[in-house]
Every structure is written in C-alpha cells, then in structure tokens.
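The values are calculated or read from the model by the stated rules, or taken from the named source; none is laboratory data. These figures come from a predicted structure and were not determined experimentally. Here Cβ is always computed from backbone atoms with ideal geometry, including for glycine, and neighbour counts include all displayed protein chains. Note: accessible area is taken over every heavy atom of the protein model, side chains too, but ligands, DNA and RNA are not part of it. Shrake-Rupley method; radii C 1.70, N 1.55, O 1.52, S 1.80 Å.
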Amino acid sequence: MHSFKSIKVIDSGKSIILQRKDGSSVRYHSTWLRDNALDAKTRDVNNKQRLITLSDIPIDNYIETASLDANGKNIFLTFLPEKKNVSFSANWLEVNSYDTKQHNKKGWISSDLKIWGKDLSKHIPSVDYKTARSDKTLLLQWLKSLYRYGCAKMTGGKTESGALIQIADLFGYIRETNYGKWFEVRSEINAINLAYTNLGLQAHTDNPYRDPVPTIQILYCLENSVSGGDSTLVDGFNAAIHLKDKNSDYFNLLSKYCARFEYNGDKGAHLQSRRPMIELSPDGELIAIRFNNRSAAPITDVPYENMENYYKAYRAFSDIINDPTLAVNFKLNPGECFITDNTRVLHARTAYSGVGTRWLQGCYVDKDGLLSTISTMLKKK
Ligand code: NM2
Ligand code: OGA
Ligand code: ZN
C-alpha cells in the first residue's frame, strides 16, 4: 500500500506534486488527472469504459485545491471551471505514474521478460496437461512463464488429432489462417510449404509475411519415431541483444529498414508484408523479431548505399541465431508440444528420414488472449 506525505498545487493549478515517505516526489498534470478521473460520470461503473471525450474537459481546466487524507492514502482534487471533485488512491497514482526517467536506449526490453540462452534447457517451463487442467495455480504459473520466457512445453497430452485445440482453449483464441484452424506438419509430396517436407528448417518465426503476424504458435507432436526431426528454440530477443553488443550499426540497420516477406506457394493465398527483422516501438522497445529465410522476399527498402552492410548485418544476425550456445534442443514425443511467442522466440527442426513417422499439428493463438487470461486469473486469486 502506497501513501504520500504531502501534496501541493503547482504551476498555477496545471499540476500537482506529491511527496513520498522516502523524500522523492512525483508530479501529475491537471488535464491528465481530469481525463483519468474514476468517478461514475467519467467512467461507467459496470464496464469501466470512459464516458467522456477530451472535448468534455474544459481546455482551461486547472486544479483549485488538492489535499491528502490523514494516512496519505487518498488524494482529493477540485477542478475548475467545472467545480468538480475527484479523488484518487495513492496506489492508483503510483501504479500509473509517468514522472520517471523515460527509456532512451534503442532496443530496451520490458522488465517483465526474462532473456535466456542454452541455460534454459534445464528449466524450460513445462507442465503436465492434466495438471494444468485441474490445478489453476499451476496453470497460472505456467502461463506466466510462457509470457516471461516466450516459450513453454506441455507434456502428457492426448495423442489424438486436434488435441492441440484443447491446449489453446486453456488460455486463448485460435487464429485461423489459410493453413486452417490447425495444420498438419508432416512430409507430403508437392508440399505447399517447406515445413511440410522432411527438410531441416533454420530457426525462424512463423508467417512473417502475414500482417498482423500470428503471435503464439503451438506445435503438437502426435508421432515422432523418425531419426532426426529434433526441435530447437532460440530467444530472438537474446539474439538481437547479442547483435547489438557485437555491432550496434548492424542492429540499427535491421531495425531501421523494412525487410519484405512473402508467401505465394498455394493457389488460394498470396501474403506479403513489409516490416523490419528487428522491430522497435517508437520509444525504442524491442517488440518483435521476424526471421524466416524461406519467406524473405527481395529486400527493396534499403538504400543502395546501405545494402551491402544490411546483408552483413543480416548474416551476422543469422549466425547468432544459429549459435548453439543460444539454443535449447529437445525431441518432442507424442503427446508433447511446445508453445512459442512467435513475435520473439524462434523455432527450428533438424532434417529427418529413415523408418518411422513424424506427425505434428500446429496452430496459432492470439497473445492478447494469453495476457488477458493471466490478468483475469490473477484478479480471481
Ligand atoms: N506452416 C506450418 O511461416 C511459415 O511459412 C512456416 C507454417 C505452414 C503453417 C510454416
Ligand atoms: C512449422 C515448423 C517444425 C517442426 O511447422 O512451422 O517450424 O518441428 N515445424 O516440424
Ligand atoms: Zn515454423
């Protein structure tokens, strides 16, 4: 529970400043506070959605008075010219504070995420399917790890076609694509995708040619008695950090310029996108990796002067992605699957052949649903 020591109106009522117990302080603007008021006229009590628009707030709004309750846990404000009284809890203000040092490093990563390399092999998040279904605490723990590490395994599932959908149902909604609600990953003749052959696949993110890109992937094993066909996972954010450490110009090239991706392998689909291999938000947060040698289209958005270096950067990134010290390797057994955050974690398989069969099924799920499930489960706790 947060609390404040003192409150003061500053800047002719355009802001307030609050003093914390530790001596530090935090400021908020009057327009920001008014816009975020939590009263029943500003926010619907049932659905919590905002009832007002910005034009309902007087442009010349300011704070006339500001006070704290005795224990410093609540603040009270009066806005003029509306003559409106609004209160906030110290907790709410702390959770939503913005008066802090902003990120200024290109490629910063959310502190919610844990970056990993080969070391994850020993403790990759994993849960048994039946346990996940019956134990909400363990399910929540596993879902949080899936978010934090961008990957997880599930074991002990049914070895029947479509079982992967029950895993998706534990946390989200299927993203249907031209490949179907789910797809069969096995060696076929005249394959519409190289994934449907016995070739090895370099670590990649799926469907970078799609906009928006699928955000979670489930790959579920039904049969895997071939020799080869082993799986690898690589943390693409870790790879991007390695690239930046090795050569920040390379990192900048791959994040500044758009690559192009394309899938044109099936009569019924032609998908194209234009996005960087390393995507940053406007304030520099590392938000997505797109990497897929099979689906990279001719790159036409890098100026002639930079293309040679761009390719050097692309090769350096590819080499890092192939680096065994970044990789977690395993072989999926029937009834097991892995789940990846496809905006971050790359997956690979080794080539396979010989006697036996290999049959995987895959599907895509939206990541917003995963985060929503985690958040609602936390609230129910
Ligand atoms: N499949 C398995 O992104 C890709 O093209 C990788 C995707 C065909 C849905 C394979
Ligand atoms: C895929 C894929 C890996 C495998 O289907 O997208 O990467 O192990 N498959 O078959
Ligand atoms: Zn894939």
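See the values below:
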{"read-out": "In nm, spacing of pseudo-spin labels at ASN190 and THR65 (7 Å Cα→C-beta vector)", "value": "8.2 nm"}
{"read-out": "Nearest-0.05 FRET efficiency for ILE287 and LYS14, computed from C-beta distance (R0 25 Å)", "value": "0.15"}
{"read-out": "Principal axes of the chain: Cα extent on each, largest first, Å", "value": "79, 58, 41"}
{"read-out": "Spacing of the two label points (7 Å from each Cα toward its C-beta) at GLN272 and ALA351, in nm", "value": "3.3 nm"}
{"read-out": "Accessible area per residue in Å² at 1.4 Å probe, computed on the chain", "value": "50 Å²"}
{"read-out": "Solvent-accessible area, 1.4 Å probe, carbon plus sulfur percent, for the chain", "value": "50 percent"}
{"read-out": "Accessible area of LYS118 in the full protein assembly, 1.4 Å probe (Å², nearest 10)", "value": "80 Å²"}
{"read-out": "Rounded to 5, the percent of DSSP beta bridges in the range 118-380 classed as antiparallel", "value": "95 percent"}
{"read-out": "For the range 106-228, the fraction of alpha-carbon pairs in successive 10 Å shells from zero, as %", "value": "10, 35, 39, 15, 1"}
{"read-out": "Rg and Dmax [Cα atoms of the range 207-342; Å; Rg one decimal, Dmax integer]", "value": "16.3, 51"}
{"read-out": "The chain: most fluctuating residue of ARG20, ARG133, ARG260 per GNM, C-alpha cutoff 10 Å", "value": "ARG20"}
{"read-out": "The range 292-325 versus the range 42-115: alpha-carbon centroid distance in Å", "value": "44 Å"}
{"read-out": "Interchain or long-range residues, amide H under 5 Å from GLY284's placed H", "value": "none"}
{"read-out": "Rough spin-label spacing in nm, given labels placed 7 Å along Cα→Cβ, for THR159 and SER248", "value": "5.3 nm"}
{"read-out": "Nonlocal amide H pairs with ILE216, under 5 Å, H built at 1.01 Å", "value": "ASN342, VAL365, LYS367"}
{"read-out": "The range 208-228 and the range 125-187: distance between their alpha carbon centers, rounded to Å", "value": "12 Å"}
{"read-out": "Calculated from backbone phi, Karplus (6.51, -1.76, 1.60) coupling profile of the range 332-341 in Hz, x at Gly/Pro", "value": "6, 9, x, x, 10, 9, 10, 10, 10, 7"}
{"read-out": "Accessible-area order (highest first, 1.4 angstrom probe) of the listed residues ILE321, ILE165", "value": "ILE165, ILE321"}
{"read-out": "Amide H partners (placed H, <5 Å) of ASN224, local residues excluded", "value": "TRP359"}
{"read-out": "Difference of contour (0.36 nm per residue) and Cα-Cα distance, LEU378 to LEU80", "value": "103.5 nm"}
{"read-out": "Estimated vicinal HN-Hα couplings, Hz - the range 219-227 in sequence order (Karplus 6.51, -1.76, 1.60; Gly, Pro = x)", "value": "10, 10, 9, 9, 8, 7, 9, 6, 9"}
